[in-house]
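Take a look at the structure set out below.
Derivation of every value follows stated rules applied to the coordinates shown; laboratory data play no part. Owing to the predicted nature of the structure, the values given are computational and were not obtained by experimental measurement. Cβ coordinates were reconstructed from backbone atoms using ideal geometry, including for glycine residues, and neighbour counts include every protein chain displayed.
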Amino acid sequence: MNRLNRDLFFKGFRKYLAAAIPEEQAERIWEEAGEEYDRILKEQPELKKHKGAMVLPAVVLYRAMAAHHTDTEILLKYGEKMGKRFAGLVRKITGFPGVSRFIWNHVESIALRMSSEENGYKRRLVFDPPEMYGVDILSCPYHELAKELGTEEAVLFICRLDKEYTQGFRKIRYDRNSALPEGAECCEYRLRFDEKKN
């Protein structure tokens, strides 16, 4: 059985792909990606967890699409679509009174924890409290894994998902102006509290 059928983030991509290209071609891509997914997991079972759980499916799908001369932008646009879906959930959660303010009051510790070296990041802090909290990600474990697997571009799926879902925060402007896999020196994140942002 194709493991991609059970994958939380990617299982919906099968229909999305079949709507964008001929269904027979989409099925071949899906099956080939699933076969490579199984092969890699047999060799590297640790990739079932954390960063591998997001990166590996993106890598095998990206490669299968490229092998069939299919526009890989379809996968990246699916990342945007998933990000918008999660943005709706974030918007609902931060719509409860006081939630956005609570998050903002703890934003420094959240930023430090989420971009920590223990999580595999290398970073530069660009804090200007209480107005702005920022982090420049100099090395990202998702990006590094995609490079190790030989398909750096596939991580843009995660980058696009991330950029979209962060727009769901009410009263917190969350800007990412650059990304490592796009050739930038860093992924530049800037957070500011904004009472007017809904």
message = About the Cα centre, and with charges only on the beta carbon of Lys, Arg (+1) and Asp, Glu (-1), how big is the dipole of segment 43-198? Nearest 20 debye, please.
response = 860
request  = Compute the distance in nm between two label points, each set 7 Å from the Cα along the Cα-to-Cβ direction, one at residue 92 and one at residue 147.
outcome  = 3.8
request  = Equivalent ellipsoid semi-axes for segment 3-193, as square roots of 5 times the alpha carbon gyration tensor eigenvalues: give them largest first, rounded to whole Å.
outcome  = 32, 19, 14
message = So for each of 36-46, 2-12 I average, over its residues, the number of other beta carbons within 10 Å; can you give me the resulting order with the highest mean first?
response = 2-12, 36-46
